[in-house]
Amino acid sequence: MAKIKPKNNVELNKMRAAGNLAARVLDFITPYVKEGVTTNYLNDMCHKFTLENGAISAPLNYRGFPKSICTSINEVICHGIPDDKKLKNGDIINLDITVILDGFHGDTSRMFYVGEVSAEAKKLVETTYKAMMAGIETIKSGSQLTSIGWAVEKIAKPAGYSIVRDYCGHGIGREFHTDPMVIHYGVNDKNYDMKLKKGMTFTVEPMLNVGTFETELMTDDNWTVKTADRKLSAQFEHTLAVTEDGVEILTLSPAGYTYPPYV
Ligand code: MF3
Ligand code: CO
Ligand code: CO
């Protein structure tokens, strides 16, 4: 994999501020995620909050993406586009927020429950959160990038879930998506591996599916990605910085939110 330049302390402080704001957008929107609201409404609220805090929404016009956040409901794996459809009781939804603050990106997503959701959905969502955290916990200066995917797999597989292979985590900084490519399943391939160094920043954002890992890109909008079998999918995402003896999660929730229900 390409050489990755670690960030200096000035850059890291800007990454901290961007990550913190992205997490605060999710904290802010949490009480609004309920039955009857449209994903356009959530989009507009997040967009406004982001601007009020001196940042911009990275997705808007990114490679032609038409909205400010991604809203991915039920069988949508990622990159769902906000629209005027209302959330309904039993839906699970991922809100993925990326802000640009002072030139640096912060990228984070969480799942939300709409009303009362099925036991199957809750187990998927909780397992996905645990899988993300297990991946993150492998990170420190000198650890291998591919340890992340093995740790995710160790949680996902025994629970019976598949891991999406077509979409990955990514390096992040002044640019939205850079090297390294962060694979969320177990892989033995030097091309996808590297030794992590203090100051590297990237995301961990596993997507777990109830059924097949296979994805299908919707051709009507060329963004929305669904599970090929239309079974449920869940995702969480944090932006991280590698430290000497571990990892700093740059997108921790100031409200203390982890996985739903958020009370
Ligand atoms: N936030 C997504 C990620 O985690 C990327 C969304 S790209 C967009 O990498 F254009 F759909 F917004
Ligand atoms: Co990301
Ligand atoms: Co994201």
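What the table below lists for this structure:
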{"item": "Charge dipole magnitude, Cβ of K and R +1, D and E -1 - segment 9-249, Cα centre, debye nearest 20", "result": "300 debye"}
{"item": "Placed amide H near V37: partners under 5 Å, 5+ positions off or other chain", "result": "L87"}
{"item": "Separation in nanometres of the label points that stand 7 Å from Cα toward Cβ, at T219 and K123", "result": "3.6 nm"}
{"item": "Rounded accessible area per residue of segment 1-157, 1.4 Å, Å²", "result": "43 Å²"}
{"item": "Inter-part distance where segment 72-100 and segment 55-71 are each reduced to a Cα centre, Å", "result": "14 Å"}
{"item": "Environment charge of K86, counting only residues whose C-beta is closer than 15 Å and scoring Lys/Arg +1, Asp/Glu -1", "result": "-2"}
{"item": "Protein accessible area in the chain, 1.4 Å probe - carbon and sulfur %", "result": "50 percent"}
{"item": "Segment 43-179: projected area of the alpha-carbon convex hull, averaged over directions, in nm²", "result": "9.6 nm²"}
{"item": "Cα lying deepest toward the dipole's positive end in segment 9-249, options H47, G19, G199, charges on Cβ", "result": "G199"}
{"item": "Sites N188 and R230, calculated FRET efficiency, Cβ-Cβ separation with R0 22 Å, nearest 0.05", "result": "0.10"}
{"item": "Kyte-Doolittle mean at least 0.0 and Cα axial length at least 15 Å: DSSP H helices in the chain", "result": "9-29"}
{"item": "Segment 17-53 versus segment 188-263: alpha-carbon centroid distance in Å", "result": "19 Å"}
{"item": "Convex hull per residue volume in Å³, alpha carbons only, for the chain", "result": "116 Å³"}
{"item": "Average accessible area per residue (Å²) across segment 172-244 - probe 1.4 Å, nucleic acids and ligands excluded", "result": "44 Å²"}
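The values are calculated or read from the model by the stated rules, or taken from the named source; none is laboratory data. No experiment lies behind these values; they were computed from the predicted model shown. Glycine also receives a Cβ, built like all others from the backbone with ideal geometry; neighbour counts cover every protein chain displayed. Ligands, DNA and RNA are stripped out before the accessible areas are found, and what is left, the full protein with its side chains, is counted by its heavy atoms. Shrake-Rupley method; radii C 1.70, N 1.55, O 1.52, S 1.80 Å.
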